[in-house]
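One structure is given below, encoded as structure tokens.
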Amino acid sequence: MKRLPIGILGSGKGSNCRAILECIRSGELAAETRLVVSDVLDAPILDIAREFGVANAYLPAGRFRTRLEPLIEEQLVKMFRDAGVELVILAGFMRVLHEPMLKAFRRRIINIHPSLLPKFPGLEAWKQALVAGETVTGCTVHYVDERIDHGQILAKKEVTISPNDTAESLHSRIQILEHELYPAVIAEFCERYGQANQQAGGRPDR
């Protein structure tokens, strides 16, 4: 079965990136990581990419705090297209994507968020859940659109909030779920990609 070419985009520690790369290395995911990109020069996610021998790049974000400048986002599109990426995976990317990426990779950009969306979009969702007195939270994988943590939901996984939970302990348990759920959803994309290529008789690599 043909392997799904993926690109990963992140701003921070990259724990989900590591989980995905480990699943690929173990053979659990029929994917090939073509490129890891970060908007933070010294982001640990780039070190993880190097550890796994994956091509990686730093892309300066520009003058805006919550989004990429349009010309820079066009550059990101070109980087992923030149790498032959079919599915873009956000792994802790802290900026909102706009038309250049959303048009180029329509319904081919996914994200994971540490809450049961639509509840608690935005930053530090696990803290939001604690403050709200929730008894259950979790994580959600969804398509990315122009709004924050808003696109069509693909899958969810729940975790019970203990009365003794702190923000740190709850976040740690949610991350364990994320590292299970995200690869599982990506595996579905891999399967569909492989089946489509078999039906089409395969297509040449880019």
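The values are calculated or read from the model by the stated rules, or taken from the named source; none is laboratory data. In this text, all values refer to a predicted model and were calculated from it rather than measured experimentally. With ideal geometry, Cβ positions are generated from the backbone for all residues, glycine too; neighbour counts draw on all protein chains shown. Just the protein is used for accessible areas: all its heavy atoms, side chains included, with ligands, DNA and RNA removed. Shrake-Rupley method; radii C 1.70, N 1.55, O 1.52, S 1.80 Å.
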Please work out if ARG18 is open to solvent by 70 Å² or more (accessible area, probe 1.4 Å) and within 17 Å of ALA187 (Cβ to Cβ). yes
Can you name the residue in segment 1-15 that is over 19 Å from GLN175 (Cβ atoms) and not β-branched (Val, Ile, Thr) and is also most open to solvent (accessible area, probe 1.4 Å) among such residues? MET1
Single residue of segment 1-18 satisfying the filter (over 11 Å from the mean Cα position of the chain (by Cα) and among the hydrophobic types (A, V, I, L, M, F, W, C)) that is nearest to ILE176 (Cα to Cα): LEU4
Looking at segment 40-73, which of its residues are surrounded by fewer than 17 Cβ atoms within 10 Å (Cβ to Cβ), at pLDDT 95 or above and in contact with a strand residue (DSSP E or B) (Cβ under 7 Å, 6 or more places away or on another chain)? LEU41, ARG50, ALA55, ALA57, TYR58
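Residues to consider are GLU158, GLU168; find the one that is acidic (Asp, Glu) and over 20 Å from GLU188 (Cβ atoms).
Details: GLU158 fails: over 20 Å from GLU188 (Cβ atoms).
Being acidic (Asp, Glu) and over 20 Å from GLU188 (Cβ atoms) holds for just one of GLU158, GLU168, which is GLU168.
Looking for whichever is farther than 19 Å from TYR182 by Cα and in a strand (DSSP E or B) here; the options are ALA61, ALA57. Which one fits?
Numbers: ALA61 fails: in a strand (DSSP E or B).
So the residue among ALA61, ALA57 that is farther than 19 Å from TYR182 by Cα and in a strand (DSSP E or B) is ALA57.
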Between a first residue in segment 1-30 that is in a helix (DSSP H, G or I) and a second residue that is among the charged types (D, E, K, R) and modelled with pLDDT of 95 or more, which pairs have beta carbons less than 7 Å apart while being 6 or more apart in sequence or on different chains? ASN16/GLU178
Given the conditions (1) of a type outside the set (Val, Ile, Thr); (2) closer than 25 Å to LEU102 by Cβ; (3) more than 15 Å from the chain's Cα centre (by Cα); (4) not in a loop (DSSP other than H, G, I, E, B), and given that PHE189 satisfies all but one, which numbered condition is not satisfied? (3)
Residue that is farthest from ILE174 (Cα to Cα) [pool: residues in segment 114-150 that are open to solvent by less than 10 Å² (accessible area, probe 1.4 Å) and outside any helix (DSSP H, G or I)]: HIS142
Tell me, which residue of segment 22-49 that is small (Gly, Ala, Ser) and under 17 Å from the mean Cα position of the chain (by Cα) is farthest from ALA187 (Cα to Cα)? ALA43
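Select from segment 1-39 the residues that are among the charged types (D, E, K, R), touching a strand residue (DSSP E or B) at 6+ places or on another chain (Cβ under 9 Å) and under 14 Å from ILE89 (Cα atoms) and list them in ascending order.
Initial filter on segment 1-39 (among the charged types (D, E, K, R)): 2-3, 13, 18, 22, 25, 28, 32, 34, 39.
Subsequent filtering for residues that are touching a strand residue (DSSP E or B) at 6+ places or on another chain (Cβ under 9 Å) retains 3, 32, 34, 39.
Result: GLU32, ARG34.
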Pull up segment 109-164, narrow it to residues that are over 18 Å from the mean Cα position of the chain (by Cα) and among the acidic types (Asp, Glu), then point me to the one that is farthest from SER11 (Cα to Cα). GLU134
Hey, among the residues in segment 74-88 that are touching a strand residue (DSSP E or B) at 6+ places or on another chain (Cβ under 8 Å) and assigned to a helix (DSSP H, G or I), which one's surrounded by the most Cβ atoms within 10 Å (Cβ to Cβ)? PHE80
